[in-house]
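Encoded as structure tokens, the structure appears first; notes follow it.
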Amino acid sequence: EKDLDFLWGILKNALEQAVEGLLEMRSREGERLRTDMMNKLDSIRATVDEISAKSATLVDEYKNKLYEKIKELAKDIQLDENRLLTEVAIFADKATIDEEIVRLGSHIQEFKKTLSIQVPIGKKVDFIVQEMNGEINTIGSKCSDLSVVNSVIEVKSVIEKIREQVQNIE
């Protein structure tokens, strides 16, 4: 009986130290993950800002190209010029990515905010990553400009890296 009490005292001390070390290690790892994800989010934000700046001119370019293409294809057909301009404008407006850029920015902001709270956040950040992925996919499907497509691929790559890291968060 005395031996068991003595052994338990030694074992208990060792277990407490091991658990304390494990918790400290998890805390350090969590902080490194948080820092890395914050850097990745900043990278995404910078690339999205570049896409946004480029998209301001893309709609006009797209409108002009579409208008010229239709005029060329319909050169022997009498067209209502105003109607053509209206239809081109409507079609080009559907290609705008302003809403997706705003929502993506909102998701980045919410992700950063969530990383600063001290409760289990794994499911929430996993959901936010899915939403970010959806927005960047929509941007990619609406834009055919090569520089925007390359930027979309870059953002998707970074989002995938974040998604992999999120799998290690409680």
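The values are calculated or read from the model by the stated rules, or taken from the named source; none is laboratory data. Just so it is clear, the model here is predicted, and its values are computed rather than measured. Cβ sites come from the backbone with ideal geometry, for glycine too, and all protein chains shown count toward neighbours. In case anyone asks, the SASA skips ligands and DNA or RNA and just uses the protein heavy atoms, side chains included. Shrake-Rupley method; radii C 1.70, N 1.55, O 1.52, S 1.80 Å.
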*Which whole-percent values make up P(r) of the stretch 27-170 when all C-alpha to C-alpha distances are grouped in 10 Å steps starting at zero?*
11, 36, 23, 15, 9, 5, 1, 0
*Which of Gly21, Leu115, Ile77, positive extreme of dipole for the chain (C-beta unit charges)*: Ile77
*Environment charge of Lys112, counting only residues whose C-beta is closer than 12 Å and scoring Lys/Arg +1, Asp/Glu -1*: +2
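For the stretch 1-72, report the accessible area per residue in Å² (1.4 Å probe, heavy atoms, rounded to an integer).
Each residue of the stretch 1-72 exposes 76 Å² on average to a 1.4 Å probe.
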*Leaving ligands, DNA and RNA out of it, report the carbon-plus-sulfur percent of the accessible area of the stretch 24-164 at a 1.4 Å probe.*
52
*Taking the chain as the reference, fit the longest principal axis to its C-alpha atoms, fit the long axis of helix 2-73 to the helix C-alpha atoms, and give the angle between the two in degrees, 0 to 90, nearest 10.*
0
*Do the sum for the chain: with -39,500 (n - 2.57) for every DSSP H run of n ≥ 4, divided by all residues, what is the mean residue ellipticity at 222 nm, to the nearest 500 deg cm²/dmol?*
-31000 deg cm²/dmol
*Where does the charge balance sit around Ser147 when Lys and Arg score +1, Asp and Glu -1, over other residues with C-beta under 9 Å from its C-beta?*
-1
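Could you give the size of the charge dipole of the chain about its Cα centre, using +1 on the Cβ of each K and R and -1 on the Cβ of each D and E, expressed in debye and rounded to the nearest 20?
120
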